[in-house]
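What follows is one structure encoded as structure tokens, with my remarks underneath.
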Amino acid sequence: MNLYPMIPFEQAHATILAYAWPLPPVPVSIYDALGLVLAEEVRADAPIPPFPASAMDGYAVRAADGDALRRVVAAQWAGPAIEVTVGPGQATTITTGAPLPAGADAVIKVEDTAERDGVMTPRKAPRPGNHVRPVGEDVAAGEVVLAAGAVLGPAEIGVLAAIGRDRVLAHPRPRVAVLSTGDELVDAGEPCIPGQIRDSNRPALMAAAQQAGAHVLSLGIAGDDDEALAACVARGLSQADVLITSGGVSMGERDLSRVVIEGHAQVHFGQVAQKPGRPFVFATVQRPDGRAQLVFGLPGFPAASLVTFENHVRPALRALAGHTRLFRPPVRARLAHALDCTGQRVEFMRARIEHAHPERGDGDWWAEVTGRQTSGRVLSLVGANAFLQLEPGTSHYEPGDEVTAIRIDQPEE
Ligand code: AMP
Ligand code: MG
């Protein structure tokens, strides 16, 4: 029996997040850092560009020489600086990104010149600094280029490389172990005999955890038997920061996941007032350093397990990874059709929201649920870009009524 009291959705959220502390920072190669959260303030120790650099292909000259002819005395390519000083009436050829030779203070672009027999004729007189990128134009020495907490995307990684940092301190990806439970389950690649079904939760939850930025480990399928379950749970806890199981947390006699989790961890709740996802266990294992490993016993029904992952597990994985933006953006949307729900527990209906209703063409968000919303129908999530969050108290909606839609295809804010 599941004797845990049913707690409100918000309380479940808050309970989980109270245990989801950012993982201790580790040194990470910039080549492995995409999506990670930076755990240090990064300053440039040298300016960029580090030397006056040509912004054009052309000639390095002294502006004071005006539009007079110049004798071309050397070639300065992008690369090591040559040892030459441009004297009065002299020039060097120069390419984009090459260091400006000593003596020169401007670049005349090649389109504005003609060269014959080693003598360059400018079409017009340059001004000092023309087409020269001064030292520190992009980044000053000592400038803070990234703050702690920055999310490392392509631009941030580019900045790190530009200032010569190939390793930084970042919060690591949480390691997440995923276990499916049930005597009826077989792997997707295996044939089924009557009574068996394919294990869809494990691949779906592994993908969801990976999408949330986790490093994922499969624990396979455990049958409904104490010992097999206990062995898998112990393995998960020895290898991961987070253990996710699905199935076996409801009221049945063979719903043993909860019982096994109770044997390994401290259970904080076992039922949440939401639909889908009422049977849902959250537990923690206290580590010597004060941190907790998180254990999520998700419901077995495939849509329910993915909805509770999105609701509760994903924000926790992001918190472990050091993110401070944990929640998907909500919008107000109008229903394109009538809708009935329980009105008892907060209900999350999978929906497609579009900015303009095909028939009305106005600027509101319009929502249409993705067919039948049963807990088992994982197809209800296919093509969904929002969860309609229907609060208790209302059990019927008319077309055009406004509801809250959580945009599950948008980054957290
Ligand atoms: P349970 O909570 O274990 O009774 O499971 C509830 C329902 O979800 C049952 O119909 C199970 O067959 C189904 N189910 C449990 N685990 C999975 C899974 N990994 N993949 C697909 N369906 C599952
Ligand atoms: Mg089961």
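None of the figures in this text is laboratory data; all of them are computed from the coordinates on show. Since the model is a prediction, treat every value here as computed from it, not as a measurement. Cβ sites come from the backbone with ideal geometry, for glycine too, and all protein chains shown count toward neighbours.
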**Fill in**
Around Val186 (Cβ within 15 Å, Cβ-to-Cβ, excluding Val186; K/R +1, D/E -1) the net charge comes to -4
**Prompt:** In deg cm²/dmol and to the nearest 500, what is the mean residue ellipticity at 222 nm of the chain if only DSSP H runs of at least 4 residues count, each as -39500 (n - 2.57), divided by the residue total?
**Reply:** -4500 deg cm²/dmol
**Message:** Explain nothing, just the number: dipole magnitude of the chain about its Cα centre with +1 on each Lys and Arg Cβ and -1 on each Asp and Glu Cβ, in debye rounded to the nearest 20.
**Reply:** 520
**Message:** So, R0 is 35 Å and r is the distance between the beta-carbons of Leu3 and Ile193; what FRET efficiency does that work out to, to 0.05?
**Reply:** 0.50
**Extended-chain gain in nm, criterion 0.36 nm per residue less alpha-carbon gap, Arg372 and Val285** = 27.6 nm
**Request:** For Lys275, enumerate residues with amide H under 5 Å from its amide H, sequence gap 5+ or separate chain, H modeled in the peptide plane.
**Result:** Val346, Glu347, Phe348
**Message:** I need the shape label for segment 53-133. Rule: rounded when a/c is under 1.5, else prolate if a/b > b/c, else oblate, with a, b, c from the alpha carbon gyration tensor.
**Reply:** rounded
**Item:** Gaussian network model of the chain, springs between alpha carbon atoms under 10 Å - residue of Glu368, Glu253, Glu156 with greatest fluctuation
**Value:** Glu253
**Request:** Would you please classify the overall shape of segment 175-282 from the alpha carbon gyration tensor, given that a ≥ b ≥ c denote the square roots of the eigenvalues, rounded means a/c under 1.5, and beyond that prolate means a/b larger than b/c while oblate covers the rest?
**Result:** rounded
**Message:** Roughly how far apart, in whole Å, are the Cα centres of segment 158-183 and segment 192-220?
**Reply:** 20
**Prompt:** Using alpha carbon coordinates only, what is the Rg to Rh ratio of segment 330-406, with Rh defined as the Kirkwood radius?
**Reply:** 0.95
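Would you mind counting up the charge near Val249? Only other residues with Cβ under 14 Å from its Cβ, with Lys and Arg at +1 and Asp and Glu at -1.
The answer is -1.
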**Asked** Where the centre of each part is set by its Cα atoms, how far does segment 251-319 sit from segment 33-89, in angstrom?
**Response** 58
**Request:** For segment 330-406, calculate the relative contact order in percent as a whole number, restricting contacts to Cα pairs under 8 Å that are 6 or more residues apart.
**Result:** 48
**Prompt:** Which residue, Thr121, Thr324, Thr92, has the most motion in a Gaussian network model of the chain that connects Cα atoms within less than 10 Å?
**Reply:** Thr121
**Asked** Size of the dipole of segment 330-406 about the Cα centre, Lys and Arg at +1 and Asp and Glu at -1 on the beta carbon, nothing else charged, in debye to 20?
**Response** 360
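Give me the extension gain from Thr324 to Asp225: residue separation times 0.36 nm, minus the current Cα-Cα distance, reported in nm with one decimal.
Result: 31.7 nm gained on full extension.
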**Item:** Normalised contact order of the chain, rounded percent, pairs of Cα under 8 Å and 6 or more residues apart
**Value:** 16
**Asked** Nearest 10 degrees, 0 to 90: what angle lies between the long axis of helix 201-211 and the longest principal axis of the chain (Cα atoms)?
**Response** 30
**Square roots of 5 times each gyration tensor eigenvalue, C-alpha, the chain, largest first, Å** = 61, 27, 18
**Complete:** A student applying the Cα gyration tensor rule (rounded when a/c is under 1.5; otherwise prolate if a/b is larger than b/c, oblate if not) would label segment 259-351 oblate
